[in-house]
């Protein structure tokens with residue numbers, strides 16, 4: 001599965017949380033219920049409260065967290081104002097630059113994460129999301145392009161509301177929300193002035209708007225963590241017709257073309273993601289790669305340009321085309337006059353705007369955080385808009401990630417990105433293996449401040465893409481679904497065994513630590529329990545400790561799509577129990593740290609509390625930290641400094657010879 005579908009399908013699943021619901025406790029070994037800060041006792045919040053770290057470490061990490069890459073840039077139709085998200089102030093807020101390389105002005109502020117969603121067609125205001133303390137129940141707001149107070153459009157407690165698009169007259173916002181039905185996301189429109197709400201589509205399930213063109217909408221209905229159906233919906237007639245997905249377990253991302261009855265579709269062709277033309281019901285492949293996934297694709301505002309990214313083993317290549325009304329493509333050689341940083345980039349992403357033929361390009365590499373350029377697609381002229389912000393840090397000396405492989409027990413080559421300090425090329429160094437989240441996700445080459453921190457402290461930093469990761473085709477991604485996970489979860493253990501055997505110096509094997517967040521946290525807990533002895537220390541950040549209690553305590557609509565990944569409570573209980581770290585708690589031999597946000601709506605805080613108490617009962621060496629004002633990972637800078645500090649100091653203590 002591509003990185004795009006990770007965002008479009010999986011991120012949708014895991015981010016749409018803001019409601020609590022009663023859950024079945026049949027066959028449950030869970031010691032908690034539901035999620036959010038209300039689900040954990042005040043005594044436990046106090047007992048596991050964050051502690052301070054040394055000032056030297058804190059100050060160093062603060063510098064590295066100042067290297068915050070801006071994201072999600074949108075260029076105003078006037079071509080002068082660039083709006084984007086940036087965490088430089090401590091939490092993600094919206095910033096504005098007037099004129100290329102201009103002075104960044106902060107538009108929004110405070111402690112709560114704020115995310116740019118769009119610029120109104122009339123150019124007078126921006127649309128944004130605002131969340132509270134990691135609850136992932138954001139509301140929809142607008143703000144003048146000149147700044148000032150926010151105007152609330154829709155925001156209800158513990159309700160997930162997701163902006164979809166704004167009408168061309170800038171008077172109505174279309175959004176999805178589960179405020180009527182905790183299990184479903186209906187589609188609404190709201191009048192910005194009157195705040196009158198009209199339900200556009202009220203069929204049960206998880207619905208989103210993929211594209212809109214006048215009165216036509218392309219709707220996606222999410223069937224599982226991987227598959228969706230696509231419909232065309234007419235706002236005037238209320239007619240809905242099926243386009244793609246019926247009786248199939250395939251993912252689809254669809255955009256309108258100018259010619260009625262024709263669409264561009266990102267979907268599977270064999271094992272890999274590709275782009276097809278849907279012409280009056282008939283699919284024809286127009287972009288295909290035999291061994292790589294198309295990562296993302298998009299079309300311009302006027303539907304006369306198309307771009308896609310090809311995922312080459314964790315590096316991405318961008319391809320640009322002129323797009324005719326009927327779907328004919330003519331490739332644009334955009335690299336003719338490209339700056340050197342774009343020529344040598346690891347990742348290049350295009351962000352189409354209302355400027356249409358002048359999109360924004362986001363470029364990044366192992367030694368350069370994200371930088372924004374605009375590209376005039378007609379003249380091929382580039383304009384740099386932002387520059388690297390790295391006070392007291394020389395990013396041009398950062399260790400470059402190299403693509404390497406380790407062998408699993410069955411002989412499968414598992415790709416991994418390795419950051420190896422110069423001194424560790426000949427000398428014995430401890431190794432830290434970070435497993436990514438998801439599992440429908442992927443570790444990429446590119447800029448990684450945390451990886452650099454580890455290399456500067458004498459560690460080799462490894463990021464595997466084990467089976468179950470995206471970017472390597474459908475078979476690779478789905479190889480760990482349900483009970484099949486047992487066959488490939490050994491990739492976690494094999495990473496440590498292979499490293500110790502192949503990176504030994506003078507017959508001495510390196511010490512190896514394991515850590516990760518979300519599913520990477522689950523991988524860590526499995527590495528420390530199910531595969532006890534493989535790793536000398538582990539840090540789990542917002543990790544699942546019990547697949548059964550995890551599924552029972554997530555929202556009902558989310559349970560279904562997560563069950564398609566992990567297994568079903570009504571038929572896979574034996575597998576879910578066996579593959580739960582807490583089942584094997586007595587095997588723990590090495591020190592373990594747990595880090596968790598109290599407001600986490602994805603992996604409930606109870607997952608961390610229950611395994612920590614089991615570790616305490618079994619007298620194992622462990623520590624739990626709960627951030628009371630965070631959710632699924634630390635979003636606030638002061639908390640992220642502490643989180644990174646805990647991880648670094650833990651591994652320095654337990655992997656140091």
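Read the figures in this text as sums done on the coordinates, not as results from a lab. Since the structure is predicted, the reported quantities are computational estimates derived from the model, not experimental observations. Heads up, the Cβs are rebuilt from the backbone with ideal geometry, glycines too, and the neighbour counts pull from every protein chain shown.
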- Place the peptides 459-465, 409-415, 227-233 in order of packing, highest mean first, counting for every residue the other Cβ atoms within 10 Å and averaging per peptide. 459-465, 227-233, 409-415
- Extent of segment 440-488 along each principal axis, from alpha carbon coordinates, in Å, largest to smallest? 39, 20, 11
- Provide the percentage of antiparallel DSSP beta bridges, counting only those with both residues in the chain; round to the nearest 5. 85 percent
- dims of segment 313-405, Cα set, principal axes, largest to smallest, nearest Å -> 49, 35, 22
- Which of these values of mean projected area of the Cα convex hull in nm² was calculated from the structure shown: (i) 30.0; (ii) 27.5; (iii) 32.8? (ii)
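Could you tell me whether segment 500-657 comes out rounded, prolate or oblate from its Cα gyration tensor? Rule is a ≥ b ≥ c as square roots of the eigenvalues, rounded for a/c under 1.5, then prolate if a/b exceeds b/c, otherwise oblate. Don't jump to the answer; show the numbers that get you there.
Numbers: a/c = 1.97, a/b = 1.33, b/c = 1.48.
Verdict is oblate for segment 500-657.
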- Task: Note the angle between two axes, namely the Cα long axis of helix 519-528 and the longest principal axis of the Cα atoms of the chain, as a number of degrees from 0 to 90, rounded to the nearest 10.
- Result: 10 degrees
- Take the alpha carbon atoms of segment 393-452, find their center, do the same for segment 129-154, and report the distance between the two centers in whole angstrom. 37 Å
- Query: Which angle between 0 and 90 degrees, to the nearest 10, do you get for helix 55-65 versus the longest principal axis of the chain when only C-alpha atoms count?
  - Reply: 30 degrees
- Task: Quickly estimate the mean residue ellipticity at 222 nm for the chain, helices only: each DSSP H run with n ≥ 4 gives -39500 (n - 2.57), and the total goes over all residues, rounded to 500.
- Result: -5000 deg cm²/dmol
- Query: What ranking do 343-353, 502-512, 518-528 get when scored by the average of other Cβ atoms within 10 Å per residue, highest first?
  - Reply: 518-528, 343-353, 502-512
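Taking the beta-carbon count within 10 Å as an exposure proxy, list 225, 324 from fewest neighbours to most.
324, 225
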- Message: Using Cβ contacts closer than 10 Å as the measure, can you line up 654, 436 from fewest to most?
- Response: 654, 436
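Gain in length, residue 656 to residue 504, computed as 0.36 nm per residue apart minus the alpha-carbon separation, to one decimal in nm?
Answer, rounded to one decimal: 53.2 nm.
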- Rank by packing, highest mean first: peptides 380-390, 588-598, with packing defined as the count of other Cβ atoms within 10 Å averaged across residues. 588-598, 380-390
- Item | Inter-label distance, nm, simple model (7 Å from Cα along the C-beta direction), residue 336/residue 89 | 4.2 nm
- Query: What is the spin-label model distance, in nm, from residue 72 to residue 404 if the labels are put 7 Å beyond Cα along the C-beta direction?
  - Reply: 3.6 nm
- Using only the alpha-carbon atoms of segment 208-346, report the extent along each of the three principal axes, biggest first, to the nearest angstrom. 51, 30, 24
- Could you work out how far helix 556-566 tilts from the main Cα principal axis of the chain, as a 0 to 90 degree angle to the nearest 10? 60 degrees
- Item | Footprinting exposure proxy for 427, 549 (fewest neighbouring C-beta atoms within 10 Å first) | 427, 549
